[in-house]
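Pasting a structure here, questions to come.
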Amino acid sequence: VLFHTPNLKHLVGYTATPFKNPKDPYKNTDDMTLIGLLGEPAIEFSLQDSIDGNNIAQPYSYFINYNSYPVTYPTDTPFFIQYRRSIVKNWARNKAGVEMVKYLNKNNIKTLVLFREVKGHGLSVMEELTKAGVKCLFLQGGEKIHEYDDKLKLHTRKGTTDDIKEALNSDYNVILASQVMDEGVDISLFQAGVLFTGGQSAIKIIQQTGRVARKKQGKENIALIVDFNDSGVNSIMDKHYKTRRKTLANNGVIECKDVHMFFDIVDKMKQ
């Protein structure tokens, strides 16, 4: 945000977008552009600072283990092809994620489920959840809401985050969404996030964590981030997974070291 007056003496910039390469921003074009516009950072406020100041819920992370056939590609294969085969069309990964969402729904945990692709990924997972009796909505682009009926016919209507808040305040526990929910959306009702997104942008996982770690009122002030252990797919997805995991740990997110700790966190969120 840039504040301008006719008699400008000072330029003050504020952004909620962190550096994509915080250790060396001069090696990243977007980071260099930000520095060029606003100058070197005068004050930095991290996710860890927000947690320490009790401004948000304490986030915990849990990584789903799943069995997947390894996939190898020629070195010149475009990333989007690798992503679609390794993430979007990875049936073992999707099945494990569906089971996780079903479990959270059964325990009445308000859950945000994020996707990078809508038609090829998000709506397919939503159909499986609907078949399993999970009542859910899909918010796309901040202006469309999708929902399957009992006969698995897809209905689409206009809708916004206000409609999502209304649904969460009624009998919906699960909201699926495209990347519109990655940043800038303030819904304090979410307790957990299941990240089907995967991918190479580790910094996005901090923004996604922020969607579900809004401070809780009248409940245990904790949140849960569920990602996937993609180490068994291929070297690129393994690298991305490890980077996301390290990024969370370095920003104050406490990792559930085993499934028993995960169950304890869910039990606390139910209270």
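Out of VAL134, ILE205, GLN271, whose Cα points farthest toward the positive end of the dipole of the chain (charges: +1 Lys, Arg; -1 Asp, Glu; placed on Cβ)?
VAL134
Can you list residues from other chains, or at least 5 along the same chain, whose modelled amide H is less than 5 Å from the amide H of VAL113?
Under 5 Å from the amide H of VAL113 lie the amide H atoms of ILE175, LEU176, ALA177, VAL194, each far enough along the sequence or on another chain.
Continuing with this model, one more query. In nm, to one decimal, how far is the GLU40 label point from the ARG85 one, both placed 7 Å along Cα→Cβ?
With each label point 7 Å from Cα toward Cβ, the separation is 4.6 nm.
If you don't mind, another one. Please build a GNM for the chain, connecting alpha carbons under 10 Å apart, and tell me which residue among TYR69, TYR83, TYR60 fluctuates the most.
TYR69
What is the list of residues in the stretch 50-71 whose amide nitrogen lies under 11 Å from a point 7 angstrom out from the Cα of ASP238, following Cα to Cβ?
In the stretch 50-71, the label zone of ASP238 (backbone N under 11 Å from the point 7 Å along Cα→Cβ) covers 70-71.
If I model a spin label at THR75 and LYS95 as a point 7 Å from the Cα along the Cα→Cβ vector, what separation in nanometres do I get?
Placing both labels 7 Å along Cα→Cβ, they lie 3.5 nm apart.
Let me ask something additional. For the chain, what is the relative contact order in percent, using Cα pairs closer than 8 Å and at least 6 residues apart in sequence?
Details: 436 pairs, mean separation 65.4, N = 271.
Contact order relative to length: 24 percent.
Tell me, what is the per residue accessible area of the chain in Å², probe radius 1.4 Å?
54
Next question, about the same structure. Counting only protein heavy atoms, what percent of the accessible surface of the chain is carbon or sulfur at a 1.4 Å probe?
The C+S portion of the solvent-accessible surface of the chain is 52 percent.
Kindly identify the stretch 79-130 as rounded, prolate or oblate by the Cα gyration tensor criterion: order the square roots of the eigenvalues as a ≥ b ≥ c, call it rounded if a/c is under 1.5, otherwise compare a/b with b/c, prolate if a/b is larger, else oblate.
Judged from the Cα gyration tensor, the stretch 79-130 comes out prolate (a/c at least 1.5, a/b above b/c).
Mean residue ellipticity at 222 nm from the helices of the chain, using -39,500 (n - 2.57) per DSSP H segment of n ≥ 4 over the full residue count, to the nearest 500 deg cm²/dmol?
-10000 deg cm²/dmol
How far, in degrees from 0 to 90, does helix 91-106 lean away from the longest principal axis of the Cα atoms of the chain, to the nearest 10?
90
Filter LYS110/LYS242; LYS89/LYS216; LYS106/LYS257; LYS204/LYS270; LYS95/LYS270 down to the pairs with a C-alpha to C-alpha distance above 31 Å, please.
Where the Cα-Cα span goes over 31 Å, the pairs concerned are LYS89/LYS216.
Beta carbons within 10 angstrom, averaged per residue: use that to sort the peptides 140-148, 253-261, 108-116, highest first.
Output ranking for 140-148, 253-261, 108-116: 108-116, 140-148, 253-261.
Distance in nm between label sites at GLU127 and ASP264, each 7 Å beyond Cα in the beta-carbon direction?
Placing both labels 7 Å beyond Cα along the Cβ direction yields 4.1 nm.
Now for a different question. For the stretch 38-184, rounded, prolate or oblate, judged on the Cα gyration tensor with a ≥ b ≥ c (square roots of eigenvalues), a/c < 1.5 rounded, else prolate if a/b > b/c? Numbers along the way, then the final one.
Details: a/c = 1.55, a/b = 1.09, b/c = 1.43.
Note, shape of the stretch 38-184 comes out oblate.
Something else now. Give the long-range amide H neighbours of LYS216: residues separated by 5 or more places, or on another chain, with amide H under 5 Å away, using H modelled in the peptide plane at 1.01 Å from N.
ALA57
Using +1 on the beta carbon of Lys and Arg, -1 on that of Asp and Glu, and nothing else charged, what's the dipole of the stretch 201-259 about the Cα centre, debye to 20? Spell out each step's value before the answer.
Values: 12 positive and 6 negative charges, 65 e Å.
The calculated dipole for the stretch 201-259 is roughly 320 debye.
Can you return the aspartates and glutamates within cross-link range of LYS268? Criterion is Cα-Cα under 13 Å, with same-chain partners fewer than 8 residues away left out.
Straight-line reach from LYS268, under 13 Å: GLU220.
Further question on the same structure: Treating only the Cβ of Lys, Arg, Asp and Glu as charged (+1, +1, -1, -1), what charge dipole size does the stretch 49-165 show about its Cα centre? Round to the nearest 20 debye.
460
Follow-up. Rounded to the nearest 20 debye, what is the charge dipole size of the chain about its Cα centre when +1 sits on each Lys and Arg Cβ and -1 on each Asp and Glu Cβ?
About 480 debye.
I've got another one for you. So if we plug the beta-carbon distance of ASN28 and ILE254 into 1/(1 + (r/R0)^6) with R0 = 25 Å, what FRET efficiency do we get, rounded to 0.05?
That pair, ASN28 with ILE254, gives E of 0.35.
Past the 22 Å Cα-Cα mark, which pairs from LYS119/LYS153; LYS131/LYS165; LYS102/LYS239? Write out the running numbers ahead of the final one.
On the way: LYS119/LYS153 14 Å; LYS131/LYS165 24 Å; LYS102/LYS239 28 Å.
Those over the limit are LYS131/LYS165; LYS102/LYS239.
Provide Rg and Dmax in Å for the stretch 23-106, with only Cα atoms included in the calculation.
19.8, 49
Okay, next question. What residues qualify as long-range amide H neighbours of SER61, i.e. H under 5 Å apart, gap of 5 or more or another chain, H built at 1.01 Å from N?
ILE225, ILE254, GLU255, CYS256
Could you tell me what % of all Cα pairs in the stretch 109-260 have separations over 27 Å?
23
What number results when the radius of gyration of the chain, computed over Cα atoms, is divided by 2.2 N^0.38 Å?
Scaled against compact globular proteins, the figure is 1.05.
The values are calculated or read from the model by the stated rules, or taken from the named source; none is laboratory data. Because the structure is predicted, anything quoted here is derived from the model rather than measured. Please note: Cβ atoms are built from the backbone with ideal geometry, for glycine as well, and neighbour counts cover all protein chains shown. Keep in mind that these areas ignore ligands, DNA and RNA; they rest on the heavy atoms of the full protein, side chains included. Shrake-Rupley method; radii C 1.70, N 1.55, O 1.52, S 1.80 Å.
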